[in-house]
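A short worksheet on the structure shown next.
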Amino acid sequence: MDAHIPSSDWTHLCIAPIHRLEQEKTGTHADALSRSEPVSSKQFAFLRTLFIPLIIFVFLYFIQWLTRENGNNYKPIVLYPLPKKKPSPSMPCGVPVQNDPIIKVNNLKTYLVGSYVEHRQEVKMIKTIAIVLRSETTKYNCLLCCSGQTTSVPAMYNIHSDHFGFEYGTADITCQLPENCETPTHVAITSRSSNKDGSSQDIHTFQPVRNQQKQEVFPYEFTVCISVMYDYDNVLELVQAMEMFKILGVQKVAIYKTSCLPKTQKVLDYYIKQNFVELIPWKVNSYIKVSRGWQKSVSSGELHYYGQIAALNDCVYRYMYQTRYVALQDLDEIILPMNLKNWTELLPELERKYNQIGGFEFENNYFPLSITDSSPKYSPDSWKKVTGVNILQHIIRISNDPTKFNNFKVIVNPRLVFQTTVHGLLQTVRNSVRVDPHIARMYHMRSIPREIWVTRSQIQDTHLRDYADSLIPAVSEVLRQALGI
C-alpha cells in the first residue's frame, strides 16, 4: 500500500493519518508500535507550538474581558507614588484666574471687584469689595485656594450706607481664614443657598487675594485714585492733571477706566510706559445699568455714578500697602497748598498742625468753565490742536457759602480706612479733619449753572499759574511725544 502513496508533501500529509487508522483496524499492531515513538515526538512539538500561543491569546482575551466588565471602575495599579504636580499660576486649584474686576457670582446679582487680606482685625480675614443688589438676600461662602487645595468657609456681608437710593450698592464680603488655609492665594465667592457648603458649586473663576503681607515701607509716597473714566475725551486736561500730579509729588495714578477716545488712550499708554499710570478695567456697565449722575431722581440707572464708590473702596485697599497716602479725587480737581510747593511739604505740616496721621479734607472751590482768561502766555498754540479744557485759563473762583455744606475731597492714610465714599470716609480708625482753606484747598474746574455762580462772589485766584513755568513745557513735551503735536 505504501508503494501507491504519492510523493507530494500535501498528499502525504493528507493520507498518512488514514493509513495509520487502517492499520489499527486490521490489527497490524506491530507496525503501529514500531512507529509510535517518532510520531509522539512530532505531536508533542506540534502541540507545544500550537498551545503556547493559544494560552497567551486566551489570557489576553480574559484581561480585555475583565476591563470591559469593570468599565469606569477599572484603575491602573500604581506601584510607586507619582510626583505631586505643582498648581499652575494661571490655573490654581484647576480654575482660571481673573485679575481684573468685574466677576459675577453664579446665580446671584453680586459682582466682585477685588479681594484683600484684612490685617487690622483681631482675627485675620479676607475682605472682598463687591457690588450687590440690595433687595437680594443671600448667604455667601468663600471658596479658598491654598496650595492647590480648596476650602470652603462661610462669609458675612455688609452693604455700605452710601447707595443714594439706587438698587445696587457697594458691599464688603468677609470670611475668616481657617487654620488649614491661613494664606490663600485665590478666592471665589459662592452662594450658600444653591448648595450646603459652596464647595460643589460650579466655579468658573478665581481672583487673586492681594495684600498678603502687611508692609511698613512703601514704594510710593502719594497715589491718586481716579474713578471713573467714562467716554473720556478731555485730552488736554488729562495731560495737565498728570503733570500737575508729578509737580505736587505724586508717583502713581490709578484710573478705573470704562471707555475713552483713541487720543485719550494714546496719552494713557504714554504714562503707562512711564509706570506712572495703572489702568484698572471697569466694565460694570456690562452687567448693571449705571447712572450718569449721583441723584436717582435726576439720572436713571441702577447704580450710582458709574459705580464710583466701589472703585474708590477698591483703590484704597489695592494701594493700602504700596503707598503712604492716597488722594481720592477726579481729573478736574487739584489740591493745592497755598504757601508750600507740593504735597511732600504739605502733609508733614498738616500732621504737625492737626496732631493726626490720618485723613485730611480739602474744601471744594469752583472755577466755572464759562469764565475764561485767554492770555496767550498760558495758552500755547500747540495746545489748541487737542480737545479739552486748559486749566490755566480759569482764574475766577466762586466763593463758598459758610452757612452751607461744602463738598471736599480727601488725602488719607489708607491703612486707617475701612470704608470710603465720594466725599469723605465712612469707617475709619481715626476721623478725618477739615483743612483750613488758607493752608490748602481744592481747585475744581467744571461747568456749573449760571444761576448758582452769579449769586456768589467772584474772586480772582491765579495761584494755579504759579506752577505754569514748570507745567507748560512739561505738557507740551507730552503732547509732542504721545500725539506728535
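The values are calculated or read from the model by the stated rules, or taken from the named source; none is laboratory data. What you are looking at is a predicted structure, and each value in this text was computed from that prediction instead of being measured. Backbone-built Cβ (ideal geometry, glycine too); neighbour counts: all protein chains shown. Side chains are part of the model used for accessible areas, which takes the heavy atoms of the whole protein and leaves out ligands, DNA and RNA. Shrake-Rupley method; radii C 1.70, N 1.55, O 1.52, S 1.80 Å.
Scan the stretch 436-446 and tell me whether some residue there is surrounded by 21 or more Cβ atoms within 10 Å (Cβ to Cβ) and among the β-branched types (Val, Ile, Thr). Checking the stretch 436-446: not a single residue is surrounded by 21 or more Cβ atoms within 10 Å (Cβ to Cβ) and among the β-branched types (Val, Ile, Thr).
One residue is enough: does the stretch 221-228 have a residue meeting the conditions assigned to a strand (DSSP E or B), open to solvent by 10 Å² or more (accessible area, probe 1.4 Å) and out of contact with any helix residue (DSSP H, G or I) (no Cβ under 8 Å at 6 or more places or on another chain)? Within the stretch 221-228, none of the residues are assigned to a strand (DSSP E or B), open to solvent by 10 Å² or more (accessible area, probe 1.4 Å) and out of contact with any helix residue (DSSP H, G or I) (no Cβ under 8 Å at 6 or more places or on another chain). Of all the residues in the stretch 426-470, those that are of a type in the set (Val, Ile, Thr) and either at positive phi or under 39 Å from the mean Cα position of the chain (by Cα) (or both) number 6.
When Ser382, Ser374 are screened for being more than 37 Å from the chain's Cα centre (by Cα), outside any loop (DSSP other than H, G, I, E, B), of a type in the set (Ser, Thr, Tyr) and under 29 Å from Pro473 (Cα atoms), only Ser382 passes. Given the criteria assigned to a helix (DSSP H, G or I), open to solvent by less than 10 Å² (accessible area, probe 1.4 Å) and either of a type outside the set (Asp, Glu) or at pLDDT 95 or above (or both), does Tyr271 qualify? Criteria met by Tyr271.
For the stretch 304-326, residues that are out of contact with any Cys (no Cβ under 7 Å at 6 or more places or on another chain) and within 28 Å of Leu369 (Cα to Cα) total 7. Among residues of the stretch 274-305 being among the aromatic types (Phe, Trp, Tyr) and open to solvent by 20 Å² or more (accessible area, probe 1.4 Å), the one that is farthest from the chain's Cα centre (by Cα) is Trp294.
Is one or more of the residues making up the stretch 305-321 of a type in the set (Val, Ile, Thr) and within 29 Å of His119 (Cα to Cα)? Yes, the stretch 305-321 contains a residue that is of a type in the set (Val, Ile, Thr) and within 29 Å of His119 (Cα to Cα). Of the residues making up the stretch 444-485, those that are assigned to a helix (DSSP H, G or I), touching a Pro at 6+ places or on another chain (Cβ under 9 Å) and not aliphatic (A, V, I, L, M) are Arg450, Trp453, Ser476. Please specify each residue of the stretch 119-132 satisfying the condition of being in contact with a strand residue (DSSP E or B) (Cβ under 8 Å, 6 or more places away or on another chain) and without any contact (Cβ under 8 Å) to a residue 60 or more places away in the chain. Listed by number, the residues that qualify are Val123, Lys124, Met125, Val132. Would you be able to say whether some residue in the stretch 306-320 is over 26 Å from Phe367 (Cβ atoms), among the charged types (D, E, K, R) and assigned to a loop (DSSP other than H, G, I, E, B)? No, there is no match, as no residue in the stretch 306-320 is over 26 Å from Phe367 (Cβ atoms), among the charged types (D, E, K, R) and assigned to a loop (DSSP other than H, G, I, E, B). When Glu345, Glu333, Glu361 are checked against the criterion of being open to solvent by 30 Å² or more (accessible area, probe 1.4 Å) and within 24 Å of Leu425 (Cα to Cα), a single residue qualifies: Glu345.
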